[in-house]
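Working notes, structure below.
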C-alpha cells in the first residue's frame, strides 16, 4: 500500500510543475511534531505552509499512514484548486469531513466514485488509482492533452438507450441465439482476453508485412520487444500510444525469422471520428477499432463504462451497418445479423442481484449497448484480462440469455463533427 508521504511527494512535484497552486505563506497550521528527520519532511512542510493539509491530528501528520480515498480527494481538490460542486454526487459521503472536496473531484470529472453512487470514502487509494487521479487533475487544470478513446461524439461513446427497437429485433436475436448465454471473454487469468500494450515515442517502430496489404495501413508500428499478444488464432496485437494519441492494431500478428507479419492492420487517430474507407477491414472483421470496445478493469473500478462493448455472433450477413466498414458474412438473408449491429440489454432487466463489477458492465449494456464486430461464439463480449477481476462476479453474467437483449434501430445514428 502506498504511503501518504509518497503520494504527497508525487502531488507536490506534479502540482508545482504543471498547475498553479497557492504560494506558501505565513502558516496557520502549527508545525507537525512527527516529521522531523523524515525523508519527505521538506515536502510535508511545504504542504503545511501552503495550507493544503492540517495533518491527521493536532500537531501530527502521520507520514507513514495509508491515505483514504476521502483524504486524497481533499489533497487534490485543494492542491489543484478544483471547481466548486453544484450538486452532491455520492450517497456515502454525507457525514464526511471531506464531502465538499469529494464532490469537487466529481464536478471536475476526475472520479466517478467506486461504483454506482458510492465513493468508498474509507477505502485506501492504490498507486494505480493515484496515477489516474493525478493524470485527470493535471489534464483538467493545465490543459495537458488527454488521450481519450475517440471524441465524445464518436459512435462508440454515444448512448443508445433512447434509440427505438428495430422491427426485426426478435428475428436477429433468435439467429444469434435467444437461449444462448452471455459470456465474458476475459477474466482474472492473464492468458485470456485481449491484452493492451501502452507504448510511447521510444518504442521501436517496426515494419509489418500484411496478408491483406491492400486494406492495411503500412505503418511502421510501435511494437515492444516483448509485446502482449492475444492467445488463440486471432492473435490481436493492440498498441495504445498516449503521447501522440494514436492506436495501432494488428490481426494475426506473429514474429517470424524475416520480421513481423500480420493478416491486417489499422492505425487510428484517437482525436478523430474518421472511419476506414468503406469496404476495408481493420484488425477486426467489421473494419472497426478493437480497443474502444473492450471492457477494461480500470473503467469498472472507476464506476462506469462509458462506451459500447464489442461482441461476436456465430453467423453474420454479407452486409454491414454504420459504423462497420467491412463484413465477412455467410449470405444475404435478412435473418442474419450484419456487422455493426447494435444491441442493448433491455431496460427492464433487474441487475440488483449482481455483484458491483457485474452491475457496472450491465449498466453499460443498457446505456451504450454492444456492437457486433466479428464472427465468433454467440454473445461473447470482449475485455482485457486483469488479476483484479472477480471471476465469480463475471460468471454471474452467464446467467443472462440472448432473449434479455434487443436490437436497436441505428438509422441516422452517426458521429458528430
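The values are calculated or read from the model by the stated rules, or taken from the named source; none is laboratory data. Please read these numbers as outputs of a predicted model, since none were measured by experiment. Note: ideal-geometry Cβ built from the backbone for every residue, glycine included; neighbour counts use all protein chains shown.
Restrict the check to the stretch 376-393 and report whether at least one residue is closer than 19 Å to residue 156 by Cβ and without any contact (Cβ under 8 Å) to a residue 60 or more places away in the chain. Within the stretch 376-393, none of the residues are closer than 19 Å to residue 156 by Cβ and without any contact (Cβ under 8 Å) to a residue 60 or more places away in the chain. Residue 274 meets each of the listed conditions (1) under 17 Å from residue 150 (Cβ atoms); (2) at pLDDT 95 or above; (3) assigned to a loop (DSSP other than H, G, I, E, B) apart from (2). Note on the stretch 58-77: among residues that are touching a helix residue (DSSP H, G or I) at 6+ places or on another chain (Cβ under 7 Å) and in a helix (DSSP H, G or I), the one that is nearest to residue 123 (Cα to Cα) is 70. Can you pull out every residue in the stretch 328-347 that is under 27 Å from residue 162 (Cα atoms), assigned to a loop (DSSP other than H, G, I, E, B) and touching a residue at least 40 places away in the same chain (Cβ under 8 Å)? Residues satisfying the conditions are 334, 335, 336, 337, 340, 341, 346, 347. Considering the stretch 165-240, there are no qualifying strands (runs of 3 or more DSSP E) wholly inside with 2 or more residues that are out of contact with any strand residue (DSSP E or B) (no Cβ under 9 Å at 6 or more places or on another chain). Identify the single condition in (1) part of a loop (DSSP other than H, G, I, E, B); (2) modelled with pLDDT under 95; (3) touching a strand residue (DSSP E or B) at 6+ places or on another chain (Cβ under 7 Å) that residue 161 does not satisfy, given that it satisfies every other one. Every listed condition holds for residue 161 apart from (2). Residue pairs whose Cβ atoms lie under 7 Å apart, separated by 6 or more positions or on different chains, with the first residue in the stretch 203-230 and under 13 Å from residue 252 (Cβ atoms) and the second exposed (fewer than 13 other Cβ atoms within 10 Å of the Cβ) and modelled with pLDDT of 95 or more, are 209/259. Which members of the stretch 254-271 meet the condition of being over 21 Å from residue 243 (Cβ atoms), outside any strand (DSSP E or B) and out of contact with any strand residue (DSSP E or B) (no Cβ under 7 Å at 6 or more places or on another chain)? Answer for the stretch 254-271, where residues must be over 21 Å from residue 243 (Cβ atoms), outside any strand (DSSP E or B) and out of contact with any strand residue (DSSP E or B) (no Cβ under 7 Å at 6 or more places or on another chain): 257, 258. Considering the stretch 337-356, the residues that are surrounded by 21 or more Cβ atoms within 10 Å (Cβ to Cβ) and more than 30 Å from residue 390 (Cα to Cα) include one that is farthest from the chain's Cα centre (by Cα), namely 337. Among the candidates 68, 111, the residue that is under 27 Å from residue 43 (Cα atoms), surrounded by fewer than 21 Cβ atoms within 10 Å (Cβ to Cβ) and either modelled with pLDDT under 80 or within 26 Å of the chain's Cα centre (by Cα) (or both) is uniquely 68. Residue check: residue 411 meets all listed conditions (1) over 22 Å from residue 196 (Cα atoms); (2) at pLDDT 95 or above; (3) surrounded by fewer than 19 Cβ atoms within 10 Å (Cβ to Cβ) but one, namely (2).
Screening residue 290 against (1) more than 15 Å from residue 197 (Cβ to Cβ); (2) in contact (Cβ under 8 Å) with a residue 60 or more places away in the chain; (3) buried (at least 24 other Cβ atoms within 10 Å of the Cβ) leaves a single unmet condition, (1).
Applying the criterion of being crowded, with 18+ Cβ neighbours inside 10 Å and touching a strand residue (DSSP E or B) at 6+ places or on another chain (Cβ under 9 Å) to the residues of the stretch 386-403, the residue that is modelled with the lowest pLDDT is 386.
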